[in-house]
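Read the structure below first, then the notes.
The values are calculated or read from the model by the stated rules, or taken from the named source; none is laboratory data. Given the structure is predicted, the values throughout are model-derived calculations rather than measurements. Here the Cβ is made from the backbone with ideal geometry for all residues, glycine too, and neighbour counts use every protein chain on show. Quick note on the areas: whole protein, heavy atoms, side chains included, nothing else; ligands and nucleic acids left out. Shrake-Rupley method; radii C 1.70, N 1.55, O 1.52, S 1.80 Å.
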Amino acid sequence: MIEFEYAEALKRLPDQFFAKLVKTTQALKEEGHDVINLGQGNPDLPTPEFIVKALQESSERGTFHKYPPFQGFPFLKEAVADFYKREYQVEVDPKSEVAIMFGSKTGLVEISQCLLNAKDKVLVPDPGYPDYMSGVALVDADPVFMPLKQENHFLPNYQELNPADLTAAKLMFLNYPNNPTAATATKSFFDETVAVAKTHQIGVVHDFAYGSIGFEQDKPQSFLQSEGAKEVGVEMYTLSKAFNMAGWRVAFAVGNPSIIRAIELIQDHYYVSIFGAIQMAAKEALDHGKAAMIQLTATYQERRDAFLAAAEAIGWTGGTAQGSFFIWMPVPAGYQAEEFADVLLKQAHVVVAPGNGFGKTGEGFVRIGLLDHPVRLQEACERIGKLALFRTPS
Ligand SMILES: Cc1ncc(COP(=O)(O)O)c(C=O)c1O
């Protein structure tokens, strides 16, 4: 068997930090342990029935059995524009300001190939969703990490960045509600981002994967709600989280027409768009999914509240949980994140994701995924409580 040498671009791809965790979890399960997995980010609930029905019906339409249009069906782009108008009071032109994508992971990786050359500087949040770095590595661009610190509400502080990096940067990734810190962004932060991006000619990619899941009074802010945002960037929205459609692979980018054209250009070479029946079901979700979205957010809120109350009862406090389906919890004094996660896994059979896996500023925290029922979340805390790692309230 010939062992073929990989291209340099492939060799640069970052290691999958969480692969080891997945393996250990699997081994414990195979030994027959009842493992509570709060380490993953895969929505556990089914896609709403009306969306599945729309797929079933549409799959019988012969027109969808052919190649779809390269850049997606206009009816889906129009549904996206209507959705942004209804949800965010933002006008987007379906013809020039919307690109359909195979899940936002694809878009977040290919955007680097669209806009960056080798050695170009790109601003990446730390901690952050690991896949931004996959695209950055493929093009051999030069990441500049923007620390997301608790004292700054897990928002980057542009004043603390090296001005030379801001001047050189061509692209910036942002993500609110944030994975992994569960923080949300304010309009004033996005306004400031637009100003910084204009001054330094930086393209902004706002990853709005958890846009529908916010627990504060106002729903999570869209980057495009800030004046001038379209001039400097795009927002990527996925149906994976809003409608439990992670397996369907549908997302879209909205915003700056030149970036949208770049995404569509690269996709013309990679794909011939998503199965038409899935595009029709996605339109159905966007057009009629409001109640389902609200219901799902309420479900996560109930889980969040159950976890936070149970954690507090064992003396584990200080978590952030403004949006997304994660909670960002500090580790107890004397522990590193990985060591703490290891103790929870081995001694309580509870899986959590160590924060340093998302970047070095994630040290000192673990990410809890709210992808199980409240009773299981409570049980996880009870098991952890038995390890007596926290000072219990007196
Ligand atoms: C922050 C963030 N962005 C993007 C994605 C990718 O989602 P999808 O490819 O399903 O659209 C995820 C998935 O976990 C995520 O957490």
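Values as computed for the structure displayed
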| quantity | calculated |
| --- | --- |
| Of all residues making up the range 320-335, the number that are in contact (Cβ under 8 Å) with a residue 12 or more places away in the chain and out of contact with any strand residue (DSSP E or B) (no Cβ under 8 Å at 6 or more places or on another chain) | 3 |
| Selection count, the range 203-222, where residues are within 19 Å of Tyr129 (Cβ to Cβ) and either of a type outside the set (S, T, N, Q) or away from the ligand (no atom under 16 Å from the Cβ) (or both) | 12 |
| Single residue of the range 223-243 satisfying the filter (touching an Asp or Glu at 6+ places or on another chain (Cβ under 8 Å) and in a loop (DSSP other than H, G, I, E, B)) that is nearest to the ligand (Cβ to nearest atom) | Ser226 |
| Qualifying residue in the range 312-321 (condition: among the charged types (D, E, K, R) and either open to solvent by less than 50 Å² (accessible area, probe 1.4 Å) or at pLDDT below 95 (or both)) | no |
| Pro177 more than 15 Å from the ligand (Cβ to nearest atom), under 20 Å from the mean Cα position of the chain (by Cα) and in a loop (DSSP other than H, G, I, E, B) | no |
| Of the criteria (1) within 23 Å of the chain's Cα centre (by Cα); (2) assigned to a helix (DSSP H, G or I), which one Glu78 fails | (1) |
| In the range 93-122, the residues that are among the charged types (D, E, K, R), within 16 Å of Phe70 (Cβ to Cβ) and either within 24 Å of the chain's Cα centre (by Cα) or not assigned by TED's automatic domain parsing to the domain that holds Phe70 (or both) | Glu110 |
| Residue match in the range 211-222 (condition: within 29 Å of Asn117 (Cα to Cα), at pLDDT 95 or above, open to solvent by 10 Å² or more (accessible area, probe 1.4 Å) and in contact with a Gly (Cβ under 9 Å, 6 or more places away or on another chain)) | no |
| Sole residue being out of contact with any Phe, Trp or Tyr (no Cβ under 9 Å at 6 or more places or on another chain), open to solvent by less than 30 Å² (accessible area, probe 1.4 Å) and either at pLDDT 95 or above or away from the ligand (no atom under 13 Å from the Cβ) (or both), chosen from Leu123, Leu116, Leu45 | Leu116 |
| Condition broken by Tyr84, with the remaining ones in (1) closer than 16 Å to Ala282 by Cα; (2) touching a Lys or Arg at 6+ places or on another chain (Cβ under 9 Å) satisfied | (2) |
| Condition check for Thr193: open to solvent by less than 30 Å² (accessible area, probe 1.4 Å), in a helix (DSSP H, G or I), closer than 26 Å to Lys360 by Cβ and hydroxyl-bearing (Ser, Thr, Tyr) | yes |
| Filter result (part of a loop (DSSP other than H, G, I, E, B) and either open to solvent by 80 Å² or more (accessible area, probe 1.4 Å) or not assigned by TED's automatic domain parsing to the domain that holds Lys346 (or both)) within the range 18-39 | Glu31 |
